[in-house]
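Here the structure comes first, spelled out in structure tokens, and everything after it is commentary.
Read-outs: derived from the displayed coordinates by stated rules, not from any lab. All figures in this text were calculated on a predicted structure; none of them were measured in a lab. All Cβ positions, even for glycine, are placed from backbone atoms using ideal geometry, and neighbour counts span all protein chains on display.
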Amino acid sequence: METKHKILVLDDDADWLDTCRDFLAQLPSQPEIRIAASGVRALSMLDAQQFRVLICDLKMPRMDGLQVLSIVRRRFPGLRTVVLTGLQDDQFRSRAYALGVDLFWLKPDMQQNSQMFLDCIESLLGRDDAGGFRDTQAKNLLDVIQMECLAGNSSVLRITSGNSVAKIWFHHGELVDAAAEGADGEAAFRRILKWKSGTFESLSAEPEHVRIITKSVGALLAESEQGIEKTANPGSAEELAQQKLVEHLAAIAVAGAEFLVSIPAKKEIAAKGWGIKNTEQLAGWARHVEKTARRLGEILSAGPLVHIAGQNLERHLLLLPQGDKTYVVGWPAEAISGHLFEQSKNLTQSWDS
Amino acid sequence: MGLLKWFSSPRPTVHKLPSGSFTVDRHGKVMTGTVGADCPPSLLADIAKEILSVFRAARAAQMPLAEVSLDYAGLQISARDMQGGAIIFLSPKNPLATPSSTGAKP
């Protein structure tokens, strides 16, 4: 039976989303059009359903389009990506293409050359119609493995390097087993890591697969030669920072949070925010509230401060003092408040490690 | 007599955490409450002042909050904004009870 492809349109402008949906309905293949108003929402939709094309705005609050595309590139390498933005700066165009987007369109151009735009999208929908995984680029296996673990995925990664084929089994983000060149378990995993490049394909999970590897991925990577090599020859500071940013944003999205702010105890050190724009404003509030709460705790002899929670119609806020830092985690209003303390603690526990 | 005096000297009292709820207006004046009489009014006024400042600071940071909850090892203070004033709940924790996971509302 023929199944319709799905297109996800991400933009923070609700009117524009409606316009886009109506416009894309003219595509000859009649794909299903879905919309998302935030990066977090889009990522959760991409997790839940298989989409063919993502059409993404760049200028959005909390998580901007480039951040979304960074995550998408790693987590959904088979997804076709199109940037549709009003930003006419060439810098954004080159950054988007550097992230591997298939097309970059300006919103006014799309309206003026509507037929050409539709043809381009139709072409993306039609390409690689046989289905399966698109990826043919050489990628760093470490990134892919770490991403699978970080996302808590259950899947089987099939890796091809030359004539060799290997498989790695993941269950809820844990490395369960590996098989390569006649070996299995840790030995196979170490062999795979020596393949510095290859193509990979994500297969359906095999939850019944027997666990052979008991060590954590971190421990295995640290032991592996490739891990040592990577430590000895780290990428540029900018690359590492970009990789860290992507990992942090992915962790926020996977946890289902909206944003996270890390606030050092010393005022002279600036707070850092992920998925939020007014970091300093929120950090100022958090510092004030924590100071107030500690003062109140002393007056009342109520014991150490554990956390502070706040709520309004739009979101929940959790403020967690942890050592010499305080974290503020924003959660969507629909999140279950009873679990947020534990979830926030889990999210922040190894944030700066 | 001196010996009796020594035996009858007052024992150190255990500080009891306040329990109950009370409402305050926007100026921090306590309006009504169910907090025990052993809790001095000045203490309630201090709590009210600090809680109102938390709500005000949130508004100033353009993130107005409807509810806030301060969770300590021994006490939970929950407050709901009421048009500039607040209703404040003080809930001492029972150390023998199963620890609750988060700022549960009273």
Would you pick out the residues in segment A:71-115 that are surrounded by fewer than 19 Cβ atoms within 10 Å (Cβ to Cβ) and small (Gly, Ala, Ser)? A:Gly78, A:Gly86, A:Ser94, A:Ala98, A:Gly100, A:Ser114
Hey, among the residues in segment A:259-305 that are touching a helix residue (DSSP H, G or I) at 6+ places or on another chain (Cβ under 6 Å) and assigned to a loop (DSSP other than H, G, I, E, B), which one's farthest from the other protein chains (Cβ to nearest Cβ)? A:Gly275
Kindly indicate whether A:Arg95 is in contact (Cβ under 8 Å) with a residue 40 or more places away in the chain and part of a helix (DSSP H, G or I). no
Looking at (1) more than 25 Å from A:Lys244 (Cα to Cα); (2) not in a loop (DSSP other than H, G, I, E, B), find the lone condition where A:Leu27 falls short. (2)
In contact with a helix residue (DSSP H, G or I) (Cβ under 7 Å, 6 or more places away or on another chain), closer than 30 Å to B:Ser42 by Cα, within 11 Å of chain B (Cβ to nearest Cβ) and not in a helix (DSSP H, G or I), is that true of A:Ile308? yes
For segment B:38-92, how many residues are under 14 Å from the mean Cα position of the chain (by Cα), more than 9 Å from chain A (Cβ to nearest Cβ) and among the hydrophobic types (A, V, I, L, M, F, W, C)? 10
Filter segment A:17-44 down to the residues that are within 21 Å of A:Phe117 (Cα to Cα), out of contact with any His (no Cβ under 8 Å at 6 or more places or on another chain) and touching a residue at least 24 places away in the same chain (Cβ under 8 Å) and list them by number. A:Cys20, A:Phe23, A:Leu24, A:Gln26, A:Leu27, A:Pro28, A:Gln30, A:Ile33, A:Arg34, A:Ile35, A:Ala36
Does any residue of segment A:82-89 turn out to be closer than 26 Å to A:Ala257 by Cα and in contact with a Lys or Arg (Cβ under 7 Å, 6 or more places away or on another chain)? yes
With criteria (1) more than 9 Å from chain B (Cβ to nearest Cβ); (2) in contact with a helix residue (DSSP H, G or I) (Cβ under 6 Å, 6 or more places away or on another chain), A:Gly256 comes up short on (2)
Output the number of the condition that A:Asp12 fails; it satisfies all remaining conditions of (1) surrounded by 14 or more Cβ atoms within 10 Å (Cβ to Cβ); (2) assigned to a loop (DSSP other than H, G, I, E, B); (3) in contact with a Leu (Cβ under 9 Å, 6 or more places away or on another chain). (3)
